[in-house]
Structure formats: structure tokens, C-alpha cells
Ligand code: F0G
């Protein structure tokens with residue numbers, strides 16, 4: 001096999017620098033050991049998230065100049081609508097400022113007090129909006145997804161027995177929809193198979209329950225289907241994406257990931273009546289139904305980003321770069337979630353810091369240590385992210401206690417990945433000397449964003 005390289009060359013650069021160890025110590029302490037509270041100027045390589053951090057193409061920047069900043073009926077809205085219909089196949093769209101704007105609307109529109117919303121693992125904002133609407137999220141992902149070392153190729157698959165048992169137990173009328181994410185974030189960027197999705201469709205058809213698709217990373221999931229699922233070896237990623245969408249009734253999209261823009265999102269729906277309600281609701285919370293919180297130029301960049309996101313060379317390089325970092329860490333013996341996911345490499349903090357109990361916040365601790373070593377910013381995805389049980393007020397203790405090294409799209413080079421791997425290895429070597437953290441301040445909602453911690 002010959003080597004291959006990124007399918008682009010760099011036209012504009014943004015300088016970055018590493019501050020000294022002493023300055024990093026001061027910065028992380030001031031940030032309450034929460035990487036979300038660091039200033040980005042104090043970060044050398046920023047792997048906090050792949051959300052809104054990708055590099056736009058020259059075409060997208062050209063599109064920005066074509067912004068039609070009309071309050072109503074902007075030309076760019078129609079371009080966006082066309083791109084969504086063409087590449088995703090959903091009939092109606094309501095633009096939103098980002099993914100959670102769409103999650104808010106679908107939750108308020110479809111969920112009633114006392115409902116249950118099954119899904120293939122929770123996502124922080126998605127679950128919160130379901131709860132705020134009076135629903136209870138129920139995890140119906142296969143058990144393998146909760147085991148970081150299990151090599152199942154489709155760890156985002158739904159356990160059909162869990163789903164059917166829930167429907168029988170609660171009654172179909174208590175289940176407003178099934179929430180299906182592609183490339184499941186909290187499982188480590190793991191895909192759902194087409195075969196499993198088809199079976200979920202059959203089962204939900206039987207009970208007349210819609211499927212709402214969290215399509216934030218749908219192209220990445222489609223790429224894994226092409227790599228791993230029999231019969232799709234030669235199918236273009238574009239077609240796989242369309243097929244996935246066709247098996248669902250609507251979608252929420254954070255366009256800040258797959259679709260290569262810095263801000264934006266939408267709600268897509270096939271049902272006309274529900275669409276009308278969403279169109280009416282968006283004017284209350286986001287903006288008029290032809291911009292929903294985005295500028296005209298943002299919608300144009302998004303329309304172009306959608307076409308680029310399903311390009312074969314792009315998606316191979318994108319997921320390929322994540323695999324490169326993951327393989328390197330595996331070779332170094334660092335415990336990571338297997339198989340390597342689509343948007344990041346997830347360090348298994350429970351296994352790296354076995355001397356810390358989950359109350360000592362192993363993943364939060366590891367993320368802070370990683371920053372201290374070489375200025376690399378990552379994100380906790382463990383007990384802090386999982387929040388509290390709304391009924392009992394107790395911490396939720398997820399099996400997965402992870403640190404996410406999330407790779408922005410088209411931003412960093414292979415040399416950056418090498419530097420990251422070396423830093424993770426250095427921290428791994430010192431793991432036995434690492435002590436835990438405790439909460440110092442905890443806000444009510446989505447606590448991982450703003451909590452502060454102190455050394456134990
Ligand atoms: N769904 C998934 C799967 C996500 O990963 C995110 C955001 C959202 C919904 C919410 O979208 O941020 O545009 O409002 N994930 C980011 C992350 C924050 O870092 O993983 P949003």
C-alpha cells in the first residue's frame with residue numbers, strides 16, 4: 001500500500017504557540033481544572049471539540065461573500081434547502097443557530113410529560129432537552145457500547161430486544177419517537193450499521209413510532225459502513241448517507257461538525273404538519289423560518305459544506321487522520337476506546353488511573369494533566385458529563401470514563417498528531433503519581449461546561 005496525503009493544500013495559516021509549564025500551571029488552576037474554562041490563547045493544540053472548529057474551504061469562504069442578508073427569503077436559505085434535500089433527502093427544513101436549537105424544538109413539539117425516549121446512548125444536550133420537555137431518556141444501545149475494549153464494528157447498534165421490551169412495558173403511545181444518532185459521540189464515535197437501522201425501522205413501523213435522527217456526524221458513520229458492512233464496499237458515501245436518512249422521519253443537525261461550518265444547524269422533517277409547527281416555533285426562539293439564527297453567509301457556507309462533507313477523498317482523510325492518531329496510541333500501549341472512532345480518540349481514564357475512584361473524577365483529572373504536559377486541550381466525557389439523576393439528585397456513574405481527543409476537520413497536520421501522541425505517552429508514564437479532583441462549583445445544567453474543581 002502506498003502512502004496517501006490530505007486532499008488539500010494550505011492557503012492561509014494561523015500561528016499557534018506553546019506557553020511555558022509555569023504559565024500552564026497558572027492557567028489550569030485559574031480555569032478550575034476545567035479545560036472549558038481555559039483561554040484558547042493558552043492552548044497549543046486544541047482538541048477540545050470538533051464542533052465549529054473545522055477549517056472552511058476556499059469555496060466556502062467565497063460563499064461567505066455571497067451572503068444575501070435579507071431578513072426574509074434570503075437566497076442562501078434556498079441554497080441550503082436544496083443541499084439538504086439533495087444530499088440528505090429530507091423534505092422540509094427549519095434552520096437553527098446550532099444543533100441544540102433543533103433539539104429544543106423537536107423535544108418541545110413531540111414529547112409530553114411522562115413520555116420515554118429510547119436512544120442509542122445519551123448525548124448531553126439531547127438528553128437535557130428531552131428531560132426539560134418532561135421525558136425520560138432510556139438507553140437502548142447494545143451492551144458492547146459500554147465496554148471500551150470490545151471490538152464490535154458497530155457499537156452504536158440498537159439492542160432490538162431492549163427497544164421492544166420498552167415499547168411493550170410502557171406502551172407505544174408513551175414513546176413519541178426513537179432517537180437514533182449516527183456516529184455515537186459518547187460511545188467514542190462509533191457507527192450504527194445499515195442492517196441494524198433497517199431493523200429498527202421495521203420494529204418502529206410495527207408500532208407506528210417515528211425515528212428522529214441525530215445526524216451531526218452522519219457522513220463519518222457512512223464511511224464506516226462503507227469500510228465494514230458487507231455489500232457497501234463500492235457504494236459512494238453520498239449514497240450511504242441518503243440511505244441512512246431515508247430510513248428515518250426527521251433529523252436534528254449540528255452543522256458545526258460533519259458539515260464543516262463554524263456555526264449553524266437545522267431541524268429536518270418529512271411530516272408536513274409537524275414542520276408547520278416547527279416553523280411557527282422557530283420564530284419564538286431562533287429567528288425567522290428562513291434564517292433561524294444564521295446569517296445569510298452562514299447558510300451559504302453550510303450549503304457548500306454539506307456537499308464537501310460527503311466527498312470520498314475528504315471523508316477518507318478526515319476519519320483516516322483520527323485512525324492514525326488512534327493506532328499510534330494503541331502501539332504505545334495506551335488504553336483507548338476500541339475500535340478507534342470517527343471524530344476523536346477516547347482515552348480510557350478508568351484504566352489509565354485505576355487508583356482513582358469515579359468520585360475522584362479520573363477523566364477530568366487526566367484532561368487537566370494532559371494540558372499541563374504540552375498545552376493540549378481535551379475534554380472530559382465521564383462522570384462529570386453524565387450529570388445527576390434528576391429524580392434522586394445523585395451522580396450518574398457511566399461505565400465509560402473517558403478523555404476525548406477530538407480532531408477538528410482539515411485543521412491539524414500529521415506532525416501535530418505525532419506531538420499529541422508523544423504527550424499522551426508522557427502523561428501515561430507518570431500515571432501513578434496523578435492525584436484526583438473534587439467539585440468546587442457545580443452549575444445546574446450541563447455541568448461539565450462550567451464546573452470548577454480543586455485538587456484533593
Ligand atoms: N448531537 C451530537 C451528537 C453532538 O455531538 C452535539 C454537540 C449536539 C448534538 C449539539 O449540537 O453543539 O451544535 O448545539 N457536540 C459538541 C461536542 C458540543 O463537542 O461534541 P450543538
Take residue 6 and tell me if it is outside any helix (DSSP H, G or I), touching a residue at least 60 places away in the same chain (Cβ under 8 Å) and away from the ligand (no atom under 16 Å from the Cβ). yes
For residue 27, are the conditions met, namely being buried (at least 18 other Cβ atoms within 10 Å of the Cβ), more than 16 Å from the ligand (Cβ to nearest atom) and modelled with pLDDT of 95 or more? yes
For segment 274-306, name all the residues that are more than 13 Å from the ligand (Cβ to nearest atom) and out of contact with any helix residue (DSSP H, G or I) (no Cβ under 7 Å at 6 or more places or on another chain). 275, 276, 279, 280, 283, 284, 287, 288, 295
Which residue, of 75, 131, is surrounded by fewer than 20 Cβ atoms within 10 Å (Cβ to Cβ), closer than 23 Å to residue 279 by Cβ and in contact (Cβ under 8 Å) with a residue 40 or more places away in the chain? 75
Taking segment 105-122 as the region of interest, how many residues are surrounded by fewer than 22 Cβ atoms within 10 Å (Cβ to Cβ) and either within 11 Å of the ligand (Cβ to nearest atom) or at negative phi (or both)? 7
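Residue by residue through segment 257-273, note down the ones that are within 10 Å of residue 97 (Cα to Cα) and near the ligand (Cβ under 10 Å from one of its atoms).
Selection gives 263, 264, 265.
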Could you list, in sequence order, the residues of segment 305-337 that are more than 17 Å from the chain's Cα centre (by Cα) and more than 30 Å from residue 58 (Cβ to Cβ)? 327, 328, 329, 330, 331, 332, 333, 334, 335, 336
Would you mind telling me which numbered condition in (1) surrounded by 24 or more Cβ atoms within 10 Å (Cβ to Cβ); (2) more than 21 Å from residue 186 (Cα to Cα); (3) away from the ligand (no atom under 16 Å from the Cβ) residue 250 fails? (3)
Condition check: within 16 Å of the ligand (Cβ to nearest atom), farther than 30 Å from residue 11 by Cα and loosely packed, with under 15 Cβ neighbours inside 10 Å. Does residue 441 satisfy that? no
Quickly run through segment 253-283 and pick out the residues that are in contact with a strand residue (DSSP E or B) (Cβ under 6 Å, 6 or more places away or on another chain) and crowded, with 22+ Cβ neighbours inside 10 Å. 253, 254, 255, 265, 266, 267, 268, 269, 278, 282
What residue, among those in segment 43-67 that are more than 17 Å from the chain's Cα centre (by Cα) and not in a loop (DSSP other than H, G, I, E, B), is nearest to residue 97 (Cα to Cα)? 64
Pick out the one residue from 67, 63, 101 that is buried (at least 19 other Cβ atoms within 10 Å of the Cβ), modelled with pLDDT of 95 or more and away from the ligand (no atom under 16 Å from the Cβ). 63
Qualifying position, being surrounded by fewer than 21 Cβ atoms within 10 Å (Cβ to Cβ), more than 16 Å from the ligand (Cβ to nearest atom), in contact (Cβ under 8 Å) with a residue 40 or more places away in the chain and more than 21 Å from residue 321 (Cα to Cα), among 418, 399: 399
Can you tell me which residue in segment 371-396 is farthest from the ligand (Cβ to nearest atom), limited to those that are without any contact (Cβ under 8 Å) to a residue 60 or more places away in the chain and under 17 Å from residue 47 (Cα atoms)? 373
Members of segment 178-198 that are surrounded by fewer than 23 Cβ atoms within 10 Å (Cβ to Cβ) and either closer than 21 Å to residue 269 by Cα or within 16 Å of the ligand (Cβ to nearest atom) (or both): 194, 198
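If a residue must be near the ligand (Cβ under 9 Å from one of its atoms) and either crowded, with 23+ Cβ neighbours inside 10 Å or in a strand (DSSP E or B) (or both), how many such residues does segment 88-97 contain?
Within segment 88-97, residues that are near the ligand (Cβ under 9 Å from one of its atoms) and either crowded, with 23+ Cβ neighbours inside 10 Å or in a strand (DSSP E or B) (or both) number 1.
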Condition met for residue 127 (outside any loop (DSSP other than H, G, I, E, B), at pLDDT 95 or above and either within 16 Å of the ligand (Cβ to nearest atom) or touching a helix residue (DSSP H, G or I) at 6+ places or on another chain (Cβ under 8 Å) (or both)): yes
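The values are calculated or read from the model by the stated rules, or taken from the named source; none is laboratory data. Since we're looking at a predicted model, the values are computed, not measured. When we count neighbours, we look across all protein chains shown, and the Cβ atoms used for this are built from the backbone with ideal geometry, even at glycine.
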